[in-house]
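In what follows, a single structure is set out as structure tokens and then discussed.
Values in this text are rule-based calculations from the coordinates and carry no lab data. Computed from a predicted structure; not experimentally measured. Here the Cβ positions follow ideal geometry from the backbone for every residue, glycine too, while neighbour counts run over all protein chains shown.
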Amino acid sequence: MDPKLFYAQVVQSLLLTSPLLVLLGAAIIVLAADVLMPRGWRGALPWISGLGVAAALFVLNGMGMPAAPQHAFSGALVLDRLTFLADNVILGMALYLIAISPRWLRGRLVPHGEYYALLLFAAMAMMALGRSSELLALFLNFELLSITFYVLLGIEKRNARSTEAGFKYFIVGSTAAAFLLMGIVFVYGATHGQTRYEAILKALFDAKGAVQPDMFALGMGLLIVGFGFKITLAPFHMYAPDVYEGGPTPVVAALATGTKVAGFTALYHLVAMAAGFKAIPAGVWAAFYAVVMTSMIVGNVGAVVQPNVKRLLAYSSIAHSGYMMIPLVVVLAKPGLLGAAEDAIAYYMLAYTLMTLLAFGVISALAPEGEGPIASWAGLGRRAPLRAACMALAMISLIGIPPTVGFFGKLYLFGMAIEGGHIWLAVVGILASVVSVTYYLRVVITMYMAEPAEGAEKPGVMGDAQILAVGLAAACVFVFAIFPWLYHG
């Protein structure tokens with residue numbers, strides 16, 4: 001290769017991945033600052049972290065939404081419309097979590113420098129996973145993200161439940177990695193040594209029919225299982241309630257939102273590659289269909305009996321993963337709907353992230369009381385009216401009541417199911433949403449209609465950054481419902 005062309009490609013790749021490099025640099029600066037600055041200056045760490053995320057946002061949006069997919073590092077990573085939107089959601093999530101973390105960290109034996117640096121590393125890994133367009137890059141980014149969460153979930157070393165959450169997630173992450181790696185091996189073998197998505201796509205639709213469809217189907221099935229653990233699809237969800245309940249609240253918020261955004265972005269690119277390939281046995285797509293239906297049912301039914309808010313949100317996340325899978329099921333048989341599927345997934349990623357972050361932001365603002373049983377929320381409407389109102393808004397939006405962002409997100413997803421001819425997916429999704437009313441409204445009723453326990457005190461004061469973050473999230477639940485074009489144009 002011409003050296004000038006090589007260096008030009010390297011420069012272009014670095015420019016396309018510059019937001020990730022900004023986050024990497026910010027994380028290193030946070031670690032250095034934690035070591036070098038006087039102990040009394042620890043309060044500067046969230047500001048440094050926040051400035052790093054803001055800089056990454058500025059660089060990303062300065063590049064603009066690409067009109068056509070742009071590849072970096074010989075096709076290992078891609079920047080397209082969906083990854084651009086997903087990156088904005090991930091960076092917004094990181095900024096929000098940095099803002100709500102100082103109050104949660106107060107009085108806890110957590111190393112602040114490592115905590116904020118790992119949040120930045122996690123955001124970088126999420127962006128890298130979503131951008132993956134090559135199988136080995138997918139696996140490496142998958143593992144990079146998992147490693148950051150192994151540490152973050154167990155970062156409260158003297159808290160047995162935090163340690164348990166980290167260990168359980170480590171076991172599940174290792175299992176998911178094994179399935180993912182085996183899936184990659186079978187896809188590699190079925191396509192005669194191809195790992196880049198573009199090359200696999202050409203091999204699949206080669207007129208000579210050189211691809212081995214059964215082996216490719218097995219590989220795709222194993223990949224879906226690996227992703228199922230990561231994005232909490234049933235029946236690969238069993239770890240989620242314990243991990244959500246025991247893990248640090250801001251970290252669980254990142255696990256519930258950012259990991260899903262990255263996972264569904266990566267999964268969309270994988271499914272888009274195989275969409276329309278007719279040689280795959282019908283049973284594979286039937287299994288795919290069953291996983292989606294099971295996730296919606298298990299998530300909503302399981303949440304009904306949960307006594308703890310964080311466990312309730314764990315089962316809620318399973319149900320919402322099922323909803324977000326609907327467009328992917330549709331495009332497997334109708335690749336002509338890829339554009340509509342991309343729009344629906346992009347919008348629901350934003351909607352789900354806003355709703356869930358708002359809920360976890362309130363839980364964090366009430367910690368440790370808010371991390372306990374739902375019964376401990378009794379009378380919160382009188383003791384902390386603004387926090388209760390924000391939590392009620394999160395619950396109403398998660399149900400899908402207009403005019404919130406949750407309503408329009410579900411409208412797009414169920415509309416995709418009907419447009420694609422999968423009426424039963426829409427019917428089950430709507431019925432599952434009706435079931436969700438029982439457990440989401442239970443939280444609201446407890447806050448406003450139940451009498452507080454004797455001696456229950458008014459929750460502690462929120463910090464200015466926390467008030468701003470939670471208030472903006474609450475406002476965005478309405479803003480992006482009324483003006484969706486502000487997000488995806």
TODO: Return the whole-Å distance between the Cα centroid of the range 1-72 and the Cα centroid of the range 415-489.
DONE: 32
Task: Angle in degrees between helix 160-190 and the longest Cα principal axis of the chain, rounded to the nearest 10 - done: 10
Open item on the list: Quick check: from the Cα gyration tensor, does the range 222-310 come out rounded (a/c under 1.5), prolate or oblate?
Closed with: oblate
Task: Per-residue ³J(HN,Hα) for the range 432-448, Karplus 6.51 cos²θ - 1.76 cosθ + 1.60, θ = phi - 60°, Hz, x for Gly and Pro - done: 5, 5, 5, 4, 4, 4, 5, 8, 5, 6, 4, 5, 5, 4, 4, 5, 9
TODO: Would you grab the residues whose amide H sits under 5 Å from the one on Asn308? Only those 5+ places off in sequence or on another chain, please, with H modelled 1.01 Å from N.
DONE: Ile374
Task: Nearest-ten-degree value, helix 112-131 long axis tilted from longest Cα axis of the chain - done: 30
- [ ] Give the angle, between 0 and 90 degrees and rounded to the nearest 10, that separates the Cα long axis of helix 44-63 from the longest principal axis of the Cα atoms of the chain.
- [x] 40
TODO: With r as the distance between the Cβ atoms of Arg382 and Met63 and R0 = 51 Å, compute the FRET efficiency 1/(1 + (r/R0)^6) and round to 0.05.
DONE: 0.60
Task: Relative contact order computed over the range 132-271 (Cα-Cα under 8 Å; 6+ residues apart), in percent - done: 30
- [ ] Restricting things to alpha carbons, find the Rg to Rh ratio for the range 54-171 using the Kirkwood radius for Rh.
- [x] 1.03
Task: FRET efficiency, Gln9 to Val151 (Cβ-Cβ, R0 30 Å, nearest 0.05) - done: 0.30
Open item on the list: I'd like the distance between the alpha-carbon centres of the range 235-307 and the range 173-200, rounded to an integer number of Å.
Closed with: 19
- [ ] Just need the relative contact order of the chain here, percent rounded to a whole number, with Cα pairs under 8 Å and 6+ apart.
- [x] 14
Task: Spacing of the two label points (7 Å from each Cα toward its C-beta) at Arg108 and Val461, in nm - done: 2.2
- [ ] Starting at the first residue of the range 249-260, write each ³J(HN,Hα) from the Karplus equation 6.51 cos²θ - 1.76 cosθ + 1.60 with θ = phi - 60°, in whole Hz, x for Gly and Pro.
- [x] 4, x, 5, 5, 4, 5, 5, 6, 10, x, 5, 5
- [ ] Please express the shape of the range 76-137 as an equivalent ellipsoid: the semi-axes are the square roots of 5 times the eigenvalues of the C-alpha gyration tensor, given largest first in whole angstrom.
- [x] 29, 13, 5
- [ ] With runs of 4+ DSSP H residues as the only contributors, calculate the mean residue ellipticity of the chain at 222 nm using -39,500 (n - 2.57) per run, divided by the residue total and rounded to the nearest 500.
- [x] -25500 deg cm²/dmol
Task: Quotient of C-alpha Rg and 2.2 N^0.38 Å, computed over the range 246-371 - done: 1.18
Open item on the list: If you take mean projected area of the Cα convex hull in nm² from the coordinates, which of (i) 43.0; (ii) 22.9; (iii) 24.8 do you get?
Closed with: (ii)
Task: Built amide H within the under 5 Å cut-off of Leu77, gap 5+ - done: Ala72, Ser133
- [ ] Grab the Cα-Cα distance for Phe73 and Ala178, subtract it from 0.36 nm times how many residues apart they are, and report the gain in nm with one decimal.
- [x] 35.3 nm
TODO: Pop a pseudo-label 7 angstrom from the Cα along the beta-carbon direction at both Ile423 and Met37 and give the gap in nm to one decimal.
DONE: 6.1
